Amino acid sequence: MQSDRTRAGGIGQTAAQWAPYILSILRIVVALLFFEHGTSRLFGFPSPLPPPAFLSMYWFAGAIELVGGALLLLGICVRPVAFIMSGEMAFAYFVSHAPAGFFPILNRGDGAILYCFVFFYIAFAGGGPWSLGALWGKRT
């Protein structure tokens, strides 16, 4: 019969083996969600948002969401792209949400905060093994 310590070590070892692949899955899922924000903002799909004025702050936000989401999805230039998108979300929080109140649940900024810190983590952790950067043998 296995001891609790042996079983716990096995679970920890299994989790450690899967961690890089879970990082790739996190990157792909968050990139798809962010890409959707970009298509909604710039093209009105799937959410029919009115298109922003060309070269306005909202246009640049949509461009970062669209292009950054696509690059992150593919795993190309993951670290700089994720860092830029993290900054965009920090800026979005302080410009759009924080003025509406202190608490994120009340100012509806919790999504921006989550995106900011997930992208910040990815900027340091990289893209994981399921990325074009990893396939090409580059540090993503």
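Quick check on the chain: helices-only [θ] at 222 nm, where DSSP H runs of length 4 and up contribute -39,500 (n - 2.57) each and the sum goes over total residues. Nearest 500, please. Mind dumping the intermediate values first?
Values: 6 runs with 97 residues, N = 140.
Rounded to the nearest 500, it is -23000 deg cm²/dmol.
Here the chain is treated with +1 on each Lys and Arg Cβ and -1 on each Asp and Glu Cβ, and its dipole about the Cα centre works out to around 360 debye.
With only the Cα atoms considered, the chain has a convex hull volume of 152 Å³ per residue. For the residues Trp18, Trp130, Trp59, a GNM of the chain with alpha-carbon springs under 10 Å puts the largest fluctuation on Trp18.
Modelled this way, with points 7 Å down the Cα-to-C-beta line, the labels at Leu135 and Phe60 are 3.3 nm from one another. Ranked for footprinting exposure by Cβ neighbours inside 10 Å, fewest first, Arg79, Arg108 give Arg108, Arg79. Between amide H atoms placed 1.01 Å from N, distances below 5 Å from Gly127 occur with Thr140, all of them 5 or more places distant or on a separate chain. Comparing Leu26, Leu114, Leu106 in a Gaussian network model of the chain where C-alpha atoms under 10 Å apart are linked, the largest mean-square fluctuation is found at Leu106.
Quick note: the coordinates plus some simple rules give every number you see, no bench work behind them. Remember, it's a predicted structure, so these values are computed and weren't measured experimentally. Every residue, glycine as well, gets a Cβ built from its backbone with ideal geometry; the counts of neighbours run over all protein chains shown.
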